[in-house]
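The values are calculated or read from the model by the stated rules, or taken from the named source; none is laboratory data. Computed from a prediction, not measured in an experiment: that's the story for all the values here. As a convention, Cβ positions derive from the backbone with ideal geometry for all residues, glycine included, and neighbour counts pool all protein chains shown. Accessible surface is based on the protein model in full, side chains and every heavy atom, while ligands, DNA and RNA are left aside. Shrake-Rupley method; radii C 1.70, N 1.55, O 1.52, S 1.80 Å.
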Amino acid sequence: MNAPSSARRAVKSPAKSLVKTGPNHFGEHLREWRQRRHLSQLDLAGHAEISARHLSFVETGRAAPSRDMVLRLAERLDVPLRERNVLLVAAGFAPAFPTRSLDDPALAAARQAMELVLKAHEPYPALAVDRHWNLVSANAMIAPFLAGVAPSLLEPPLNVMRLSFHPQGLAPLTVNLAEWCGHLLERLHRQCEATADPVLVALYDELKTYPIPARGGVRSSLADSVAIPFQMRFGNEVLSFISTTMIFGTPVDVTLSELALETFFPADEKTAAFMRAMQPR
């Protein structure tokens with residue numbers, strides 16, 4: 001079997017399986033989510049503690065679910081909060097989860113917590129992104145790495161995924177471009193499968209068009225690593241980071257549930273020392 005010619009072919013495109021065709025009633029929405037989670041009617045009925053017969057009637061429109069049942073099924077299917085509102089509306093109920101701007105006073109405590117985490121992570125880079133990977137906020141250690149990026153890529157909304165893949169973005173500076181972008185593509189693919197978000201699907205398809213070298217399996221230099229690092233050329237140095245993702249644990253607001261904090265830690269002592277020296281005073 002021939003190896004793929006580029007990392008963009010490493011993951012099968014989710015576009016065909018995730019394009020929405022506009023379900024007409026709650027049952028069709030429910031069936032789509034059940035099939036996306038690879039559950040049979042019997043499996044879901046068992047998880048939701050209802051009969052498989054009743055679930056079948058709900059999916060075909062022969063029975064109308066209660067509001068509590070809609071929420072219970074959505075929880076068992078791990079449906080995102082935004083889509084749980086869609087399910088409720090399709091079943092004839094009002095949305096249950098508010099969607100506020102981050103500037104809303106109700107989210108002030110969450111916003112302060114986010115900024116506190118970003119600031120406390122210095123002298124290492126950290127940023128916050130929304131559900132479409134658009135930059136929401138960043139600490140002071142992000143700016144130095146964007147000095148050579150094309151200005152058009154830095155205009156709002158700044159998409160972090162596009163910035164990573166674009167030839168005028170961070171791609172030319174990424175030492176292990178094939179491994180890192182392959183990891184990002186796989187991560188985005190999983191998000192597409194989990195959320196069925198058409199904007200994410202379009203972003204995934206766009207990223208596959210950028211020229212990324214082929215991955216030839218796990219490189220020997222990464223054999224002893226515990227995670228795929230992000231290795232970036234900065235001046236005469238090669239800095240190496242491992243990344244972690246933080247989310248709010250118990251959100252009931254749609255915007256908050258879709259917020260993610262991406263934090264980067266030094267993967268070696270040389271990178272740690274370099275970042276400490278670079279921290280603004």
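The condition (being within 22 Å of PRO80 (Cβ to Cβ) and open to solvent by 60 Å² or more (accessible area, probe 1.4 Å)) is satisfied by just one residue among ARG36, ARG53, ARG31: ARG31.
In this structure, does ARG190 turn out to be in contact with a Leu (Cβ under 9 Å, 6 or more places away or on another chain) and open to solvent by 60 Å² or more (accessible area, probe 1.4 Å)? The answer is no for ARG190.
The rows are residues; the columns are (1) basic (Lys, Arg); (2) part of a helix (DSSP H, G or I).
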residue	(1), (2)
PHE145	no, yes
ARG162	yes, yes
PRO167	no, no
TRP180	no, yes
LEU188	no, yes
ALA202	no, yes
ASP205	no, yes
TYR210	no, no
PRO213	no, no
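Checking each residue in segment 118-129 for being in contact (Cβ under 8 Å) with a residue 12 or more places away in the chain and either more than 19 Å from the chain's Cα centre (by Cα) or open to solvent by 50 Å² or more (accessible area, probe 1.4 Å) (or both) picks out LYS119, HIS121, GLU122, PRO123, TYR124. Residue pairs whose Cβ atoms lie under 9 Å apart, sitting 6 or more positions apart in sequence or on different chains, and linking a residue in segment 64-87 that is more than 20 Å from ASP43 (Cβ to Cβ) to a partner that is of a type in the set (Ser, Thr, Tyr) and not in a helix (DSSP H, G or I), are LEU81/THR99; ARG82/THR99; ASN85/THR99. In segment 245-268, the residues that are not assigned by the TED database to the domain that holds PHE230 form no Cβ pair under 6 Å with any partner that is buried (at least 19 other Cβ atoms within 10 Å of the Cβ) and of a type in the set (Val, Ile, Thr), whether six or more places apart or across chains. Scanning segment 143-170 for residues that are under 17 Å from PHE241 (Cα atoms) and surrounded by fewer than 18 Cβ atoms within 10 Å (Cβ to Cβ) yields ALA143, PRO144, PHE145, LEU146. If you go through segment 66-76 and keep only what is buried (at least 18 other Cβ atoms within 10 Å of the Cβ) and of a type in the set (Gly, Ala, Ser), you end up with just ALA74. When segment 240-264 is filtered for residues that are over 14 Å from the mean Cα position of the chain (by Cα), under 28 Å from PRO95 (Cα atoms) and either at pLDDT 95 or above or not hydroxyl-bearing (Ser, Thr, Tyr) (or both), the ones remaining, listed by number, are GLY249, PRO251, VAL252, ASP253, VAL254. Assessment of segment 77-86 against the conditions (aliphatic (A, V, I, L, M) and open to solvent by 50 Å² or more (accessible area, probe 1.4 Å)) yields at least one matching residue. In segment 39-50, what residues are assigned to a helix (DSSP H, G or I) and either within 28 Å of HIS189 (Cβ to Cβ) or open to solvent by 50 Å² or more (accessible area, probe 1.4 Å) (or both)? Answer for segment 39-50, where residues must be assigned to a helix (DSSP H, G or I) and either within 28 Å of HIS189 (Cβ to Cβ) or open to solvent by 50 Å² or more (accessible area, probe 1.4 Å) (or both): GLN41, LEU42, ASP43, LEU44, GLY46, HIS47, ALA48.
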